[in-house]
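K.L.:
Can you read through this structure? Questions will come right after.
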Amino acid sequence: MASWGFRRRGRRRTRPAPVVGDPTLVVVAEGGEATASSTALAEGGFAAAEPVVLRHTVWLPSARVEEIMARFTTAGYRADESVSAATAEDGLVLVAVAQTVVVDPVVLSRERARVSSVASRASGRVEGWALLRSADMA
């Protein structure tokens, strides 16, 4: 009688997911409002199935920042304090919102549209987006 012996595979070590606001993270892909998600990912050589931090920088009316941040929070985002705040002449404040996700062109496009929609409904605008991961994974 034949016996099939399967080699035990060692446990794969998974790296911890990156954390929003971690100052050691580096940008691996980025773009502006006019940049196609698939193009930006391809040009950055990004093809990973591991979680990254997806960060959007958004100009929001200073009087409505708390209200708008609550909307972002319900969508899974949180404030990223690693980005310096700035104020524009038109009364808008630059804020960063981010979340940890596994991203592909479809996910990136959907999240960019979501953030853009929230910002535009509040009379704000999107500055750009970036994908960040640990330096040893970049």
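K.L.:
With a 1.4 Å probe and every protein chain kept in, tell me what percent of the accessible surface of the chain is carbon plus sulfur.
P.N.:
Working: 4460 of 8740 Å².
Solvent-exposed carbon and sulfur of the chain make up 51 percent of the total.
K.L.:
Of Leu131, Leu94, which has the most accessible area with a 1.4 Å probe, and how do the rest follow in descending order?
P.N.:
So, going from the largest accessible area down, we get Leu94, Leu131.
K.L.:
Related question: Rounded, prolate or oblate for segment 67-132? Axes are the square roots of the Cα gyration tensor eigenvalues, ordered a ≥ b ≥ c, and the cut-off for rounded is a/c under 1.5. Walk me through the numbers on the way to the answer.
P.N.:
On the way: a/c = 1.71, a/b = 1.48, b/c = 1.16.
Since a/c reaches 1.5 and a/b is larger than b/c, the shape of segment 67-132 is classed as prolate.
K.L.:
Report ³J(HN,Hα) in whole Hz for each residue of segment 129-136, in order, from the Karplus equation J = 6.51 cos²θ - 1.76 cosθ + 1.60 where θ = phi - 60°; Gly and Pro get x.
P.N.:
Ordered by residue, 3J(HN,Hα) equals 9, 8, 9, 10, 8, 4, 4, 6 Hz.
K.L.:
Residues with amide H under 5 Å of Glu127's amide H, sequence separation 5 or more or different chain, H placed in the peptide plane at 1.01 Å from N; which?
P.N.:
Thr57, Val58, Trp59
K.L.:
Go through segment 21-26 residue by residue and turn each phi into a ³J(HN,Hα) via Karplus (6.51, -1.76, 1.60, θ = phi - 60°); whole Hz please, and just put x for glycine and proline.
P.N.:
So the J values, rounded to whole Hz, are x, 5, x, 8, 6, 10.
K.L.:
Among Ser82, Val52, Ser62, flag the residue with its Cα farthest along the positive direction of the charge dipole of segment 28-138, charges on Cβ as +1 for Lys/Arg and -1 for Asp/Glu.
P.N.:
Ser62
K.L.:
Which one, [x] 1.30; [y] 1.03; [z] 1.15, gives Cα Rg over 2.2 N^0.38 Å as derived from the coordinates shown?
P.N.:
Computed from these coordinates, Cα Rg over 2.2 N^0.38 Å corresponds to label [x].
K.L.:
Only Cα pairs under 8 Å and at least 6 apart count here; give the relative contact order of the chain as a rounded whole percent. Can you show the working numbers first?
P.N.:
Details: 219 pairs, mean separation 54.3, N = 138.
RCO, the chain: 39 percent.
K.L.:
So how strong a dipole does the chain carry about its Cα centre when Lys and Arg Cβ are +1 and Asp and Glu Cβ are -1, to the nearest 20 debye? Intermediate results must be reported in sequence, preceding the final value.
P.N.:
On the way: 17 positive and 15 negative charges, 222 e Å.
Dipole about the Cα centre, nearest 20: 1060 debye.
K.L.:
With everything on Cα atoms, drop me the angle between helix 105-121 and the longest principal axis of the chain, reported from 0 to 90° to the nearest 10.
P.N.:
Approximately 20 degrees, to the nearest 10.
K.L.:
Cβ under 15 Å from Thr87's Cβ, Thr87 left aside: what net charge do those residues give with Lys, Arg +1 and Asp, Glu -1?
P.N.:
So the surrounding residues net to -1.
K.L.:
What does the net charge come to around Arg121 if you take all other residues with beta carbon closer than 14 Å to its beta carbon, with K and R at +1 and D and E at -1?
P.N.:
On the way: positive: Arg64, Arg71, Arg114, Arg125; negative: Glu67.
That sum, taken over residues with Cβ under 14 Å, equals +3.
K.L.:
Rounded to the nearest whole Å², what accessible area per residue is found for the chain with the 1.4 Å probe? Walk me through the numbers on the way to the answer.
P.N.:
Details: 8740 Å² over 138 residues.
Value returned for the chain: 63 Å² of accessible area per residue.
The values are calculated or read from the model by the stated rules, or taken from the named source; none is laboratory data. This is a predicted model, so every value here is computed, not measured. Ideal geometry is used to build each Cβ from the backbone, glycine not excepted, and the neighbour counts take in all protein chains shown. When the accessible area is computed, the model is the full protein with side chains, heavy atoms only, and any ligands, DNA or RNA have been set aside. Shrake-Rupley method; radii C 1.70, N 1.55, O 1.52, S 1.80 Å.
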